Amino acid sequence: MRRRLAALVYGAAASMARAAGLPWEVWESPDRLAAIDAGDSVLERSSHCLDGCRYDRSNAGGEGAGANPYPLRWLHRDGDEVVVLDERGPGALTRFWLTSGFGTSGCIDPAIRVRMYLDGAATAALDLPLAALFDGSTAPFTPPLALDRVASSGGYVSHVPVAYAHSLRVTLAGAQANGVNPCTGNAQRLLWFQLQHHRLVPGTPVTSFVAGHDEPAWRAFLAHAGDDPWNAMLEPQAATTVLAPGGSATLAARNGPGWLRGLRLRLPRAAYARVGMRVTIDGAIAVDAPLEDFFASPADAQVPARGVFVGEDAGGWLYAWFPMPFVDALAIELVADAGLPEALSIDSALAFDATPVPAQAGRFDAHLLDACSAAATLVLDRATGAGKIVGVAARYRADGAPTRGYLEGDERAQVDGAADPAWYGTGIEDFFGGGFYFDRGAFAGALAGATRVDADGSGSTAAYRLMPTAPLTYTSSVKLEQEVGYAPSAAVPTCVRSMVYAYRRDTPALVDYDAFEIGDAPAAAAHAYEAPATASCAPLAARFEDEPPTVRSALACRSTGGSSRFRFHVADARRPLRLRRTFDAGTGTPGEQAGSAAAAIFVNGVAAGGFGPAPADPSRRWHQQEALLDVPPGTVDFDVVIVPELRSYAPVFAESRWELRGGWKDAIFADGLDASAFAPAP
């Protein structure tokens, strides 16, 4: 009972608190990486194919309209520019990945320009050839913050944080030009893209990006490949342990509070799969996996992993610099497989820190999956509570006939009970920073790498991705899954052995407060709902973008002018607050017009947040958006007014359901609800 009550208080405090600084500035402190912040949401915009087809890029190739009826994946067109991201409120773009080519990666058409407009400015803060974002020619987009297709094996990727105080609009000019592309010799300009971006509570102080501004601390942080990236100068606890076949040995047992800041082991690489590590934190198993899995270091790696947090250094030491906080106790144990040929001498060096554990810190967790699937998806991670996934290391292979088609699977992530994916990717090698089956071979970078590349489909591919500045965040639940094969209708039997690195809390940081359907007349009346004068409503039976698709039948409303109004009454509401909208995105032509216009949100007459424009999707018409709200503490009555920003490229605003979520509060247990219902799923 003591531990459960402590967890409730811990979750409530964390939902209102924020670690000092901005969430993506992890280089400032290890506490920042471990912090769980419900006022931060990290989302993905990508070029994934509508309705689950296999062509996860923008612009048409040679596949024909029947196979790819909506080939444009832009958010919308605006004059001579196509818009790939249009965000409202404070935040940061922290990962921009793309690739181009046909069959193999190619150069980027030098005529395509990228423009970034910040905080509503009419002039772009950044305007340069798209290729210059990755080729090292333009500061601060230089290694290791930005990599080209040679350094990232087929992918182009930037980890330069582009922060903004009020808004960000990322556009491309020349992406649909009709002339010859000198990189291909024809008119094709195929672009695959993924953008991870943070969405913060309105009013959060953020200094906006300025062209030419560098991030020297982030750059220095990523230069570490085996030693402490935070340079804490902690004296390691060094030891040599003899481990017999089938035996075990305790490396450390500490009482809290405190932190395990670093962990280094040295033993023959051939033994990585035969020796396991078990880490117990505050009575729960945090790690229980062979060394080769936890350290993303397979014994048959073509190149050693050299991630900033995990890998094998030049001296043959395995290392992990994930900060692991513990309140009561921590224990580290090595366990040998009975098949280990002989006793091993293992060197270890552990770095501990006795600094207090802040309320925002999550419990470190590394989850191992070993599974195969012939259809649908593989679930890499599923949890309830609050947390963030900060890395994935995995090994994939075809389960049956040789093929590299297993690398085609998109990742999808659903968070916080939403049916619409918060992340929807474009392929396994894309997720890990590469492109075209890692066509430049094995590589090992600070934030991503492919330590083993399958050349012909008869072997396997091992890769890792660390996500300190672009984690997958969730406040009440998460499901991260991997599609198997080219598309849901074109599966490739696939096996995966994956390690998910995360920080978690058992209780949710946010809970559902209230909701209503526009088509439920009594509920709409109870929430004082008023539709815009131009509203047109009709029943709609359609699908979401998840797989298999969730089907929903409800009233869908569209308006071409005016505002929506409604009211929520919540006693003891806790910040942060989020407003979720379910709507029909079937209006508009994909890539040309938005499926629903942007909108400003007013609460009690004061601007409180906003929605960006949503992409059009005639195939999977139901979509969801969630806005963080800036509302004074103590607010009980929420009189909400939604004011659409109608434009020629976004002439319609859509709505069907409204939900209000907010910080955890003990009052929800007043009716006898058992808190154990929110414990992690087995």
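Residues in the stretch 75-94 that are under 28 Å from V201 (Cβ atoms) and of a type in the set (A, V, I, L, M, F, W, C): L75, V83, V84, L85, A92, L93.
The single condition among (1) of a type outside the set (S, T, N, Q); (2) more than 29 Å from the chain's Cα centre (by Cα); (3) surrounded by 18 or more Cβ atoms within 10 Å (Cβ to Cβ); (4) within 25 Å of E81 (Cα to Cα) that R647 does not satisfy is (3). Checked against the criterion of being within 14 Å of the chain's Cα centre (by Cα) and of a type in the set (G, A, S), the stretch 365-376 has no qualifying residue.
One line per residue, one yes/no per condition, for (1) of a type outside the set (D, E, K, R); (2) open to solvent by 20 Å² or more (accessible area, probe 1.4 Å); (3) in contact with a Leu (Cβ under 7 Å, 6 or more places away or on another chain):
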residue: A528; (1), (2), (3): yes, yes, no
residue: A533; (1), (2), (3): yes, yes, no
residue: S536; (1), (2), (3): yes, yes, no
residue: V551; (1), (2), (3): yes, yes, no
residue: A599; (1), (2), (3): yes, no, no
residue: A608; (1), (2), (3): yes, no, yes
residue: P615; (1), (2), (3): yes, yes, yes
residue: G634; (1), (2), (3): yes, yes, no
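Here the stretch 397-445 is the region considered, the condition is being more than 20 Å from L191 (Cα to Cα) and either of a type in the set (D, E) or in contact with a Leu (Cβ under 8 Å, 6 or more places away or on another chain) (or both), and the residue that is surrounded by the most Cβ atoms within 10 Å (Cβ to Cβ) is G445.
The lone criterion from (1) within 30 Å of T104 (Cα to Cα); (2) outside any helix (DSSP H, G or I) left unmet by A131 is number (2).
Take the stretch 227-256 and flag every residue that is more than 20 Å from F309 (Cβ to Cβ) and among the small types (G, A, S). Before you say what the answer is, go through the steps one by one.
Filtering the stretch 227-256 down to residues more than 20 Å from F309 (Cβ to Cβ) leaves 235, 238-250, 253-256.
Across the stretch 227-256, the qualifying residues are A238, A239, A244, G246, G247, S248, A249, A253, G256.
Restricting attention to the stretch 329-342 and to residues that are of a type outside the set (D, E, K, R) and open to solvent by 60 Å² or more (accessible area, probe 1.4 Å), the residue that is farthest from G276 (Cα to Cα) turns out to be P341.
Residues that are closer than 20 Å to D512 by Cβ, of a type in the set (G, A, S) and at pLDDT 95 or above within the stretch 640-677 comprise S656, G662, G663, listed in sequence order.
What's the total number of residues in the stretch 313-345 that are of a type outside the set (A, V, I, L, M, F, W, C) and within 23 Å of P471 (Cα to Cα)? Outline the logic, then answer.
Pass one, the stretch 313-345, residues of a type outside the set (A, V, I, L, M, F, W, C): 313, 315-316, 319, 323, 325, 328, 333, 337, 339, 341-342, 345.
Subset that is within 23 Å of P471 (Cα to Cα): 319, 323, 325.
Looking only at that region, the number is 3.
Anything in the stretch 448-491 that is open to solvent by less than 10 Å² (accessible area, probe 1.4 Å), more than 16 Å from the chain's Cα centre (by Cα) and among the β-branched types (V, I, T)? List them, or say none. Across the stretch 448-491, the qualifying residues are T451, T461, V484.
Apart from one condition, V357 fits all of (1) of a type in the set (A, V, I, L, M, F, W, C); (2) closer than 30 Å to F438 by Cα; (3) assigned to a loop (DSSP other than H, G, I, E, B); the exception is (2).
Reported count of residues in the stretch 90-115, each being open to solvent by less than 20 Å² (accessible area, probe 1.4 Å) and assigned to a loop (DSSP other than H, G, I, E, B), is 5.
What residue, of A502, A515, is under 30 Å from G391 (Cα atoms) and of a type in the set (G, A, S)? Spell out how you get there, then give the answer.
Working: A515 fails: under 30 Å from G391 (Cα atoms).
Of the residues listed, the single one that is under 30 Å from G391 (Cα atoms) and of a type in the set (G, A, S) is A502.
Of the residues making up the stretch 622-632, just one is in contact with a Gly (Cβ under 7 Å, 6 or more places away or on another chain) and open to solvent by 40 Å² or more (accessible area, probe 1.4 Å), namely D630.
Quick one: would you say A374 is buried (at least 21 other Cβ atoms within 10 Å of the Cβ) and either in contact (Cβ under 8 Å) with a residue 40 or more places away in the chain or among the polar types (S, T, N, Q) (or both)? For A374, the condition - buried (at least 21 other Cβ atoms within 10 Å of the Cβ) and either in contact (Cβ under 8 Å) with a residue 40 or more places away in the chain or among the polar types (S, T, N, Q) (or both) - is not met. Out of the residues in the stretch 504-539 meeting the condition of being among the β-branched types (V, I, T) and assigned to a loop (DSSP other than H, G, I, E, B), tell me which one is farthest from A34 (Cα to Cα). Among those that are among the β-branched types (V, I, T) and assigned to a loop (DSSP other than H, G, I, E, B), it is T534. Scanning the stretch 271-285 for residues that are in a loop (DSSP other than H, G, I, E, B), under 18 Å from G256 (Cβ atoms) and not charged (D, E, K, R) yields one hit, G283. Scanning the stretch 36-74 for residues that are part of a loop (DSSP other than H, G, I, E, B) and under 18 Å from L195 (Cα atoms) turns up S47, H48, C49, Y55, D56, R57, N59, L72, R73, W74.
Taking each residue of the stretch 36-54 that is under 23 Å from R505 (Cβ atoms) and looking for partners that are aromatic (F, W, Y) and not in a helix (DSSP H, G or I) with beta-carbon atoms closer than 7 Å, six or more apart or interchain, yields I36/Y503; E44/W423; E44/Y424.
Kindly check whether there is at least one residue in the stretch 289-298 that is open to solvent by 30 Å² or more (accessible area, probe 1.4 Å) and among the acidic types (D, E). Yes; the residues of the stretch 289-298 include at least one that is open to solvent by 30 Å² or more (accessible area, probe 1.4 Å) and among the acidic types (D, E).
The values are calculated or read from the model by the stated rules, or taken from the named source; none is laboratory data. Keep in mind that this is a model prediction, so the values were computed, not measured. Cβ sites come from the backbone with ideal geometry, for glycine too, and all protein chains shown count toward neighbours. Accessible surface is based on the protein model in full, side chains and every heavy atom, while ligands, DNA and RNA are left aside. Shrake-Rupley method; radii C 1.70, N 1.55, O 1.52, S 1.80 Å.
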